[in-house]
Amino acid sequence: QVQLVESGGGLVQAGGSLRLSCAATGRTFSTYGMGWFRQAPGKEREFVASIDWGGGWTSYDDSVKGRFTISRDSAKNMVYLQMNRLKPEDTAVYYCAAGRLGLRLGSDATYWGQGTQVIVSS
């Protein structure tokens, strides 16, 4: 059974940092693109960042560029999202996703995690 399990969310003050982790189990994700999406209360789910599993290619939404860094450990089937200089508007449930290479849309994803809550206080 394929599973994506996120961890690392929590409450942090504005300007602080958090590191999210996503553990992928159930199959080898070496041919999948991996990414992070988020959904704030009352808003649509939105793209945050994605990474090419094999080549290290990355893509970011403009709202997080320069503050967030996506990375992966292929040997461990892990994907990470390092979030620095957090802002209150980053508050959301963050979801790990696996799908087509270069995924950027929700429809690009085949598998989703259950989400982890991030709350940034002002």
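The values are calculated or read from the model by the stated rules, or taken from the named source; none is laboratory data. Because the structure is a prediction, the values reported are computed rather than measured. Here Cβ is always computed from backbone atoms with ideal geometry, including for glycine, and neighbour counts include all displayed protein chains. Accessible surface areas use protein heavy atoms only, side chains included; no ligands, DNA or RNA. Shrake-Rupley method; radii C 1.70, N 1.55, O 1.52, S 1.80 Å.
What the phi angles of segment 68-79 give under the Karplus curve with 6.51, -1.76 and 1.60, with θ = phi - 60°, is a coupling list of 10, 9, 9, 8, 8, 10, 4, 5, 9, 6, 10, 10 Hz, glycine and proline written as x.
Were the residues from residue 23 through residue 65 laid out at 0.36 nm apart, the gain over their Cα-Cα distance would be 12.8 nm. Phi angles of segment 61-66 translate, via the Karplus equation with coefficients 6.51, -1.76, 1.60 and θ = phi - 60°, into HN-Hα couplings of 5, 4, 5, 10, 4, x Hz per residue; Gly and Pro are given as x.
In whole angstrom, note down how far apart the Cα centers of segment 11-35 and segment 51-101 are. A separation of 6 Å, based on Cα centres. Amide H to amide H, with H built 1.01 Å from N, residue 87 comes under 5 Å of 15, counting only residues 5 or more places away or on other chains. Net charge near residue 49, counting Lys/Arg +1 and Asp/Glu -1 over other residues with Cβ under 12 Å of its Cβ? Residues close to residue 49 contribute a combined charge of +1.
3J(HN,Hα) along segment 107-122: 6, 6, 8, 9, 10, 10, x, 8, x, 9, 7, 10, 10, 10, 8, 8 Hz, from the Karplus curve 6.51 cos²θ - 1.76 cosθ + 1.60 with θ = phi - 60°, whole Hz, x for Gly and Pro. Entry note: segment 1-71 has Rg to Rh equal to 0.97, where both radii use alpha-carbon atoms and Rh is the Kirkwood radius. Using only side-chain charges placed at the Cβ, +1 for Lys and Arg and -1 for Asp and Glu, the dipole size of segment 8-91 relative to its Cα centre rounds to 200 debye. The share of accessible area on the chain that comes from carbon and sulfur is 47 percent, using a 1.4 angstrom probe.
Give me the Kirkwood hydrodynamic radius of the chain, using the inverse of the mean 1/r over all pairs of distinct Cα atoms, in Å to one decimal. It would help to have the intermediate numbers written out before the result.
On the way: mean 1/r = 0.0712 Å⁻¹.
About 14.1 Å for the chain.
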